[in-house]
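> This structure is in structure tokens; I'll ask about it shortly.
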Amino acid sequence: MVLWNYRRFILANALADLRHRFSGSVAGYLWNVFVPLAQLTVFALIFSILLGNQINEGPKGKFSFIIFLCSGLLAWNAFAETLIRASSALVGNAGYLKKLPLPEQIFVAQEAAGGFFTAAISISLFVLFSIFIAHYGPFWQWLQAIPFLLLFIAFAYGLGLVLACLNVFFRDVQPFMNVVVLLWMWLTPVVYVESIFTADPRRPHPIVLMLLHWNPAYHFVDAFHRSLWLGHWVPAKTWAICVGIALFANLLAALVLHRLRAEIRDVL
Amino acid sequence: MTSTALMPFTHPDAASASASASEERPAVVTVRNLSKRFKQYPTPASRLIEWSSLGLFQRHGVFTALHDISFIVRKGEFFGIIGANGSGKSTLLKVLTGILVPSSGNYAVSGRITSLLELGTGFNPELSGRENLINSGRLLGFQPSVTRSKLEQIVAFAELEESIDVPIKYYSTGMTVRLAFALFAHVEPDVFIVDEALSVGDVAFSRKCFQRLDVMRASGCTLLFVSHDLAAVRKYCDHAALALARTRKPAEKFVGFGEKCESQANLGFIRLMRR
């Protein structure tokens, strides 16, 4: 496996990238924490206070919405960031690819590893918050978040590799992905609860529901909600779907890369 | 659009004289009928049209950078590749190092091939010389422990003992080249590609580099030397291949180069092997 041979390079670069991403700024590494924290605060304020989002499931109390939000949004953020950064990974590392016979995948894998670290840290912080401040948990079911994070990032890696290959030929892919990811987030029940479509008998939207369930990211976010928010075991069907999606994305990526590799090198 | 053919030469006399000696050595680099063509699309949109019509509407032109090249480099040889800008030297080297995929024909390189073209590519300006050596070693596929064990040697060769812990963004171009050459010269490749980058260093260091190349060669390393510097090629190389743009008259180049080099005993050439 190519990625295994280059694991040292991938890990070292992913960590160095996280360290250097905000180099030159005064707050430095703290930006890695500030930015998601600000985003969470905004969503929490708008949805729980202004819109009065009703949460009937999960933990009760003043932190109920925050716990719901974090359980899905932290993983989604890692997914979205990996996807966006991965789509420009080959073009951005053209300097290496033009001069060294390195496999293309490692630059996408580097972004995926970075996304995994960020999510692992922020979810760990969330777990601590949940236990010590919100007094919710801990549950064994939370551990399911680890394999699901790996699967989610594996999905982002596969899809990101396909996009990165296409971005070499059509630079439109990267700006396009910024829009897609934004739309995708609102089509996925990350900041709102899925039950707003299902629970209310006046609003049975079969089309919306179908869109929701045909959305591959839905199943991953659903798994995070079940394990982190509700503390349930994730049903086997969701496991199977997520593994299937991650495998399919990686298979597709391998095919696309195999087909385009020679031309990617010519064009870079 | 100039497309080119790289033509290996063997001097009629030199070839027969050195034939018996070189025939016995194993071929390290073998190139057979290698061609490299690039597809050129006028705009990204024309590529989209061609792709989405599954090739029904062909929208690309073809640029032939290398046309039907064949040559053999044997173990321990110092093989020169000479040619004008845009004659396909770099394309050839990129194919040999595995960066580009040939359009047709094939090539074989036995052992590890390292190129000075890669010079400083893995270098991060924010990191110190020492950290960069370890990082680049990792990129070339070496464990940090291997690079570390050779670190003293490399630093001593580059004569950078005083500035090895300074971020390399403060290095001069010459210092960076010295660092990179020192690294590549100590990773013991089987085939080593040297190019113009070498001339960036000062005279003393340049001499030192060539001495090092002799040492490497004596230990069985095969060298490909890409240069505009005919004097250096004449001085060091056993054989040379000439990359020519097809629009130039090959005969002129052939005669001019051949005459000058005839006095050099160890440079064998020059017979066109045209397609």
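Nothing in this text is a laboratory measurement; each read-out follows from the coordinates by a stated rule. Values in this document were obtained by computation on a predicted structure and should not be read as measured data. Here the Cβ positions follow ideal geometry from the backbone for every residue, glycine too, while neighbour counts run over all protein chains shown.
> Order these peptides, B:147-159, A:78-90, by their mean beta-carbon neighbour count within 10 angstrom, highest first.
Result, highest mean first: A:78-90, B:147-159.
> Right, next: Determine the calculated [θ] at 222 nm for chain A from helices alone, applying -39500 (n - 2.57) to every DSSP H run no shorter than 4 residues and normalising by the residue count; nearest 500 deg cm²/dmol. Spell out each step's value before the answer.
Numbers: 13 runs with 186 residues, N = 268.
That comes out to -22500 deg cm²/dmol.
> Using a simple spin-label model with points 7 Å from Cα along the Cα→Cβ vector, what separation in nm is obtained for A:Ala94 and A:Ala12?
Calculated label separation equals 2.6 nm.
> If R₀ is 45 angstrom, what is the calculated FRET efficiency for the pair B:Ala156 and A:Leu30, using the beta carbon separation as r and rounding to 0.05?
E between B:Ala156 and A:Leu30, to the nearest 0.05, is 0.65.
> Order of B:Thr114, B:Thr43, A:Thr238 from fewest to most other C-beta atoms within 10 Å?
On the way: B:Thr114 21, B:Thr43 9, A:Thr238 18.
Ascending Cβ contact count within 10 Å gives the list B:Thr43, A:Thr238, B:Thr114.
> Follow-up question, since we're still on this one. Is there a quick way to get the dipole size of chain A? I mean about its Cα centre, with the Cβ of Lys and Arg at +1 and of Asp and Glu at -1; what is the value in debye to the nearest 20?
Here chain A has a charge dipole of around 300 debye.
> A follow-up question, please. Over the range A:67-267, calculate the relative contact order: mean separation of alpha carbon pairs under 8 Å at least 6 apart, over the residue count, as a percent.
Here the relative contact order equals 33 percent.
> I'd like to compare A:32-43, B:227-238, A:64-75: which one has the highest average count of other Cβ atoms within 10 Å, and what's the full order after that?
Most protected by this proxy first, the peptides run A:64-75, B:227-238, A:32-43.
> Take B:Ser90, B:Ser110 and order them by how many other Cβ atoms sit within 10 Å, fewest up front. Spell out each step's value before the answer.
Details: B:Ser90 19, B:Ser110 14.
So the residues, fewest neighbours to most, are B:Ser110, B:Ser90.
> Along the range A:86-100, what does the Karplus equation 6.51 cos²θ - 1.76 cosθ + 1.60 (θ = phi - 60°) give for ³J(HN,Hα), rounded to whole Hz, x for Gly and Pro?
Result, rounded to whole Hz: 5, 5, 10, 5, 6, 5, x, 9, 4, x, 6, 5, 7, 10, 10.
> A further question follows. Taking the Cα atoms of the range A:67-267 alone, what are Rg (to one decimal) and Dmax (as a whole number) in Å?
Both quantities, over Cα of the range A:67-267: 18.2, 61 Å.
> Please arrange A:Phe170, B:Phe79 by how many other C-beta atoms lie within 10 Å of their C-beta, fewest to most.
A:Phe170, B:Phe79
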